[in-house]
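A.B. asks: The structure that follows is given in the form of structure tokens.
The values are calculated or read from the model by the stated rules, or taken from the named source; none is laboratory data. Here the structure is a predicted model, which means the values were calculated and not measured. Reconstructed Cβ throughout: ideal geometry from the backbone, glycine too, with neighbour counts over all protein chains shown. Protein only, heavy atoms only, side chains kept; ligands, DNA and RNA dropped before computing areas. Shrake-Rupley method; radii C 1.70, N 1.55, O 1.52, S 1.80 Å.
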Amino acid sequence: MAAPVEFYFDFASPYGFFAAQEVDGLVAPFGREVAWKPIMIGSAFKASGNLPLVSQPLKGEYSRHDWERLARLMDVPYRLPDPFPVPALPPSRAYWWLESKDKDLAKSYARAVYLAYFAENMNISSLEVACALGVPLGIDPDEMAAAAQAPEWKARLKDETEAAIAKGVFGSPFFLVDGEGFWGADRLWMVRAWLEKGGW
């Protein structure tokens, strides 16, 4: 079976949120699965010398407008959260704990986290909030809280982030298709074309 398409993202990334709505459906017709991989985007920014879009002159205002426009185009619920951005450490660590047990459940949790932040303005940097989001999925909040604070899963997130950077990942979302990198939600059409053509 062909290797999964790797989907790197940060839970506080609006473009990551929009990509998460489409990536599995886009890849499925080609017999591929998607490996969802949350990382710490701040570390990637540090490695690349980049800054969050909202911190950049001109780009910040454009991006805010673009996110609203993209949400209308895709017909998905969206509002710029307050505060924004936030460090998404609790849900990211919890994700890797879940992923080690049940990949599908981990993806469902990731979608819930994204919707909570970008549609419902819930502060996902809160451990309590991150754990509460797992309850409707049947995840014990006390178990998740313990995992999100455990050295093992703190280290896992750090290791996954460092491994991603070593592969050339510097933003969210970032896709790797058989080693070929595509940065940005606006490159999903190229991911599809690469899968259709087998590269070019």
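A.B. asks: Go through the range 120-145 residue by residue and tally those that are assigned to a helix (DSSP H, G or I) and either among the acidic types (D, E) or open to solvent by less than 60 Å² (accessible area, probe 1.4 Å) (or both).
C.D. replies: Taking the range 120-145 as the starting set, the residues that turn out to be assigned to a helix (DSSP H, G or I) are 127-132, 135-137, 141-145.
Within this subset, residues satisfying the condition of being either among the acidic types (D, E) or open to solvent by less than 60 Å² (accessible area, probe 1.4 Å) (or both) are 127-132, 141-145.
Count: 11.
A.B. asks: Looking at F170 and the list (1) part of a helix (DSSP H, G or I); (2) closer than 29 Å to G31 by Cα; (3) within 14 Å of the chain's Cα centre (by Cα); (4) not basic (K, R), which single condition is not satisfied?
C.D. replies: Among (1) part of a helix (DSSP H, G or I); (2) closer than 29 Å to G31 by Cα; (3) within 14 Å of the chain's Cα centre (by Cα); (4) not basic (K, R), the lone unmet condition for F170 is (1).
A.B. asks: For the range 147-200, give me the residue count where each residue is in contact with a Gly (Cβ under 8 Å, 6 or more places away or on another chain) and surrounded by 19 or more Cβ atoms within 10 Å (Cβ to Cβ). Quick ask: steps written out before the conclusion?
C.D. replies: The first filter runs over the range 147-200 and keeps only residues in contact with a Gly (Cβ under 8 Å, 6 or more places away or on another chain), leaving 167-169, 171-175, 178, 180-181, 183-185.
Subsequent filtering for residues that are surrounded by 19 or more Cβ atoms within 10 Å (Cβ to Cβ) retains 169, 171-175, 185.
Residues that pass the stated criteria total 7.
A.B. asks: Report the residue count in the range 27-38 for those that are open to solvent by 30 Å² or more (accessible area, probe 1.4 Å) and either more than 22 Å from A155 (Cα to Cα) or hydrophobic (A, V, I, L, M, F, W, C) (or both). Let's see the steps before the verdict.
C.D. replies: The initial filter retains those residues of the range 27-38 that are open to solvent by 30 Å² or more (accessible area, probe 1.4 Å), namely 28-33, 37.
Those still in the list that are either more than 22 Å from A155 (Cα to Cα) or hydrophobic (A, V, I, L, M, F, W, C) (or both) too: 28-33.
Selection size over the range 27-38: 6.
A.B. asks: So which of E196, E120 ends up being out of contact with any His (no Cβ under 8 Å at 6 or more places or on another chain), of a type in the set (D, E), in contact (Cβ under 8 Å) with a residue 60 or more places away in the chain and within 30 Å of D75 (Cβ to Cβ)?
C.D. replies: Values: E120 fails: in contact (Cβ under 8 Å) with a residue 60 or more places away in the chain.
So the residue among E196, E120 that is out of contact with any His (no Cβ under 8 Å at 6 or more places or on another chain), of a type in the set (D, E), in contact (Cβ under 8 Å) with a residue 60 or more places away in the chain and within 30 Å of D75 (Cβ to Cβ) is E196.
A.B. asks: Out of the residues in the range 35-62 meeting the condition of being part of a loop (DSSP other than H, G, I, E, B) and at pLDDT below 85, tell me which one is nearest to the chain's Cα centre (by Cα). Please lay out each step first, then the result.
C.D. replies: We begin by selecting, within the range 35-62, every residue part of a loop (DSSP other than H, G, I, E, B); these are 39-40, 49-52, 56-58.
Subsequent filtering for residues that are at pLDDT below 85 retains 49-52.
Working: G49: 20, N50: 18, L51: 17, P52: 15 Å.
Per the stated criteria, the residue is P52.
A.B. asks: Do you know which of the residues in the range 39-79 that are open to solvent by less than 50 Å² (accessible area, probe 1.4 Å) and of a type in the set (F, W, Y) is farthest from E143 (Cα to Cα)?
C.D. replies: W67
A.B. asks: I've got another one for you. If S92 meets every condition in (1) part of a loop (DSSP other than H, G, I, E, B); (2) under 16 Å from the mean Cα position of the chain (by Cα); (3) of a type in the set (S, T, N, Q) apart from one, which number is that one?
C.D. replies: Failing condition for S92: (1).
A.B. asks: Could you tell me which of the residues D104, D82 is more than 20 Å from V191 (Cβ to Cβ), in a helix (DSSP H, G or I) and open to solvent by 60 Å² or more (accessible area, probe 1.4 Å)? Please lay out each step first, then the result.
C.D. replies: On the way: D82 fails: in a helix (DSSP H, G or I).
That would be D104, the only listed residue that is more than 20 Å from V191 (Cβ to Cβ), in a helix (DSSP H, G or I) and open to solvent by 60 Å² or more (accessible area, probe 1.4 Å).
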